[in-house]
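For reference, the structure discussed in these notes is given below.
What follows is calculated from the coordinates using simple rules that are stated; it is not laboratory data. All of these numbers come straight from a predicted model, not from anything done at the bench. Here the Cβ is made from the backbone with ideal geometry for all residues, glycine too, and neighbour counts use every protein chain on show.
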Amino acid sequence: MKPLRNPFITSGYESAEYFCDREQESENLIREVTNGNNLALISTRRMGKTGLIQHCFNNPEIKGNYYTFFVDIYATKSLRDLVFSLSRVIVDGLKPFGKKAIESFWNSVKSLQGGITFDPAGNPSFNLQLGDIRSTEATLDEIFRYLEKASRPVIVAIDEFQQVAYYTEKNVEALLRTHIQHCRNARFIFAGSQRHVMGNMFANASRPFYQSVSMMYLECIGLSEYENFARRHFENSGRKIEQGVVADIYDRFDGVTWYVQKMLNMLYGITPERGECRAEMIPEALGNILDSYKYTYQEILFRLPERQKELLIAISKEGAARAVTSGEFVQKYSLPSPSSVQAALKGLLEKDFVTHEQGVYRIYDKFFGIWLNKNY
């Protein structure tokens, strides 16, 4: 394999060589699904759930014996959106296995046949439009029938699974649970980033998925593992990295995987060949990243209602904000009133600009929070 120009991946999955640690988590995930269990994988966003799943899918034990399908439903609003996304992912996932594998799916899902065609060379094309799905539940039933009779056992990973709790239909969890419990040939990984929503879905006795999965919480990669990972990749390219650099950025971003990777990516990029990455380069790297997002952040603020903008800036200055509707918080940041803060907060949470865990409100995008503090 040709070495990457920059070994610190910030998008997608490359290979085990460029994947930091997660040895125990990988072992646990693979053991669960290969032993017939469904799994709920929960963490805050950008902690590396997607990378971990793709890393496990690339494991020889999984890759050589299973069909694996990964569908991200973050942008979906309804069951029909989910069915459409899953259908497309299955077709794309079967392409490496040839025409026969795709025809097996095509022959099972009668309601979608008009949307899957083959050129003279046998290459498939997925031409289905969302509006072509006439009976969502019928198509879902056909998909599960295919999963049950597929020529290999199947692992389906559904990312941002908490979205189904917000679908326009009210029976989605019960419908999916019914299909999943009768599908013996497939195992499911339900990945989610809203801990309270995911926890309620799988730990509440009144919900359909109660006690139907093994639970796995993804925490930060250890600092020592990240230091070893960074040092190895710098040294492999003839560069050095000063002691303490990784610890600095790790602490700045609370060990959240994507931010550590992004900073290391930038630091590697500005470190000359045969040079050394030093702590004094961190502000330059951070500044470069913030500059690259500047116009995006300006546009976000321009489009936000004034009350939401004011509250977002106040939360960024607080860092970890509590009791944001209290008189003390309102007075400290010159906000209009507790009721207006409550309304603004609802909008920010719905738009995912702010997260709320264990009574603490934070800016979801840590770079955005830093940019707000520097500019407001």
Once you sort the root eigenvalues of the Cα gyration tensor of the range 29-115 as a ≥ b ≥ c, which label holds: rounded (a/c under 1.5), prolate (a/b larger than b/c) or oblate (the other case)?
oblate
Once amide H atoms are built 1.01 Å from N in the peptide plane, which residues 5 or more positions from SER214, or in another chain, come under 5 Å H to H?
ASN38, LEU39, ALA40
Compute the distribution of all C-alpha to C-alpha distances in the range 22-217, in bins of 5 Å from 0, and list the percent of pairs in each, rounded to whole numbers.
1, 7, 16, 20, 21, 17, 11, 5, 1, 0, 0
Stretch GLN243-ARG177 to full length: gain in nm at 0.36 nm per residue minus the Cα-Cα span?
18.8 nm
GNM, the chain, Cα, under 10 Å: largest mean-square fluctuation among ARG303, ARG274, ARG239?
ARG303
Round to a whole angstrom and tell me the spacing of the C-alpha centers of the range 146-190 and the range 297-376.
36 Å
Rounded to the nearest Å, the spacing of the alpha-carbon centers of the range 33-57 and the range 252-281 is 26 Å
Placing +1 at every Lys and Arg Cβ and -1 at every Asp and Glu Cβ, with all other atoms neutral, what dipole size does the range 223-286 have around its Cα centre, in debye to the nearest 20?
220 debye
If you count, for each residue, the other Cβ atoms within 10 Å and average over each peptide, how do 312-320, 78-86 line up from highest to lowest?
78-86, 312-320
Using the C-alpha atoms of the range 304-375, what convex hull volume per residue, in cubic angstrom, is computed?
80 Å³
Between ASN204 and SER326, the FRET efficiency computed from the C-beta separation at R0 = 41 Å comes out, to the nearest 0.05, as 0.90
Taking a cut-off of 16 Å between Cα atoms, list the aspartates and glutamates near LYS262, but don't count ones fewer than 8 places away on the same chain.
GLU14, GLU227, ASP248, ASP251, ASP254, GLU284, ASP291, ASP365
Given the options ASN228, MET47, ASN65, identify the residue whose Cα lies farthest towards the positive end of the charge dipole of the chain (+1 on Cβ of Lys, Arg; -1 on Cβ of Asp, Glu).
ASN65
